[in-house]
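The values are calculated or read from the model by the stated rules, or taken from the named source; none is laboratory data. Treat the numbers as computed from the prediction; the structure is a model and nothing was measured. A quick note on method: Cβ atoms are made from the backbone with ideal geometry, for glycine too, and the neighbour counts reach across all protein chains shown. The protein model used for the area step is the full one, side chains on, heavy atoms only, and it has no ligands, DNA or RNA in it. Shrake-Rupley method; radii C 1.70, N 1.55, O 1.52, S 1.80 Å.
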Amino acid sequence: MAEKIALVGIGKIAVDQHIPSIQAGSEWELAATVSRNASVDGVESYTELNALLAARPDIKTISLAIPPQPRFAYAEAALKAGRHVMLEKPPGATLSECHKLEALAKDAGVTLFATWHSRYANAVEATKTWLQDRTITSVEIVWKEDVRRWHPGQEWIWQAGGLGVFDPGINALSVLTEILPQQVHLSSAELEFPENRDTPIAANLVFDYPGGAPVNAVFDWRHEGRQTWDIDVVTNDGKLHLSNGGATLYINDNLVQEGPDREYAALYHRMAQLVANGKSDVDLSPMVHVADAFTLGRRIVVAPFHF
Ligand code: NAP
């Protein structure tokens, strides 16, 4: 039987992905929503999370599809009310918030799932398997997109805690931390901040990989040409090109895997498994790299950004 779930934040990603994925599957029933401005046809709606938590003790799972800055307060309230919680990426505005949520979930004996949707892109698992026994000689990440096209009018991404270009960039880092046989750490970074914004519009990251292979990432939100979400890995035994944000895999220029988008269907399936097994899944490694970039990165001020 489907478990009841409530979705908080009926914005872009809720409409594009969460609602269709919940409603298409058999594991979850969208029993209620919380939004200050929106609702879903045929679904009970609340404007405040606390009202929902009080009125619907039968809804045991809360999925948060809101920006990172307000996320902690919502997650804390849900966990303290004994509900399982699913977090959109990034799991919070700070690492310490996320650690606190982990501890709350543990104390309450409920599931906390910090989702990384890009890890469920079609070709990520095959990429990880192929790289497992190979020696990496270089990794190049290029994540270049047009912010006006993908985030029209979204002010929160430009405000402190909104991550700026790391909002998509952290997706690349979630894939990187999933596919590499050994973990990297940041050794230098340059972040470009529009003079009128709190968060960066572009970033160049350099990582250390055990053995010395160069691992670099370029994120740029000013890109109007072909939208690019690519990872190239050269190994001792051929080269790999993971494109379309992890959806398409080429090995030595041959197409090996591509397929339909199944990221959010997979996330909700994973959440159902975690709840059923009484487990949590909170991997903060992509966010550690972002935090490191803000700590270590050289700040460069660039032209103002206006929508
Ligand atoms: P969005 O459309 O700008 O906002 C989502 C919802 O968050 C809105 O419906 C709004 O709810 C609520 N919200 C905004 N500010 C709030 C605040 N201060 N307090 C409480 N609720 C607030 O954002 P989005 O693009 O869906 O992104 C939401 C999250 O999903 C982000 O963490 C983002 O990184 C992640 N994500 C986005 C995409 C994408 O393509 N956009 C893809 C993957 C993941 P109300 O209706 O109550 O105003």
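Mind scanning LYS100/LYS239; LYS144/LYS279; LYS144/LYS239; LYS106/LYS239; LYS4/LYS144 and naming the pairs with a C-alpha gap bigger than 30 Å?
Exceeds cut-off: LYS100/LYS239; LYS144/LYS279; LYS106/LYS239; LYS4/LYS144.
Rg to Rh ratio, segment 156-303, alpha-carbon atoms and Kirkwood radius? Checking Rg against Rh, the ratio lands at 0.99. For the chain, a simple Cβ point-charge model (Lys and Arg +1, Asp and Glu -1, everything else neutral) yields a dipole of about 480 debye relative to the Cα centre. Would you kindly find the accessible area of LEU255, with a 1.4 Å probe and non-protein molecules such as ligands, DNA and RNA excluded, rounding to the nearest 10 Å²? Answer for LEU255: close to 90 Å² accessible.
Simple point charges give the picture: +1 on the Cβ of Lys and Arg, -1 on the Cβ of Asp and Glu, and for segment 12-156 a dipole about the Cα centre of about 240 debye. Does segment 237-307 come out rounded, prolate or oblate, given a ≥ b ≥ c as the square roots of the eigenvalues of its C-alpha gyration tensor, rounded meaning a/c under 1.5 and, failing that, prolate meaning a/b above b/c? Oblate, since a/c reaches 1.5 and b/c is not below a/b.
When peptides 176-187, 198-209 are ranked by their average number of other Cβ atoms within 10 Å per residue, the highest-first order is 198-209, 176-187. Overall shape of the chain was characterised from the C-alpha gyration tensor. The equivalent ellipsoid obtained from it has semi-axes of 32, 23, 18 Å, in decreasing order. The angle separating the long axis of helix 166-179 from the principal Cα axis of greatest extent in the chain is about 70 degrees. Shape of segment 74-201 from the C-alpha gyration tensor: oblate (a/c of 1.5 or more and a/b not above b/c, with a ≥ b ≥ c the square roots of its eigenvalues). Annotation for segment 195-286: GluC sites (Glu not before Pro) lying in DSSP loop with at most 15 further Cβ atoms inside 10 Å of their Cβ are GLU195, GLU224, GLU258. For TRP229, neighbours were defined as the other residues whose beta-carbon sits under 9 Å from its Cβ, and their charges (Lys and Arg +1, Asp and Glu -1) total -1. Along the axis of the charge dipole computed for segment 144-278 (Cβ charges of +1 for Lys and Arg, -1 for Asp and Glu, origin at the Cα centre), the listed residues LEU180, THR248, TYR264 are led at the positive end by TYR264. Projecting the Cα atoms of TRP158, ALA189, SER96 onto the charge dipole of the chain (Cβ charges, centred on the Cα centre) puts SER96 farthest toward the positive pole. Equivalent-ellipsoid semi-axes for segment 3-114 (Cα gyration tensor, √(5λ), whole Å, largest first): 21, 15, 13.
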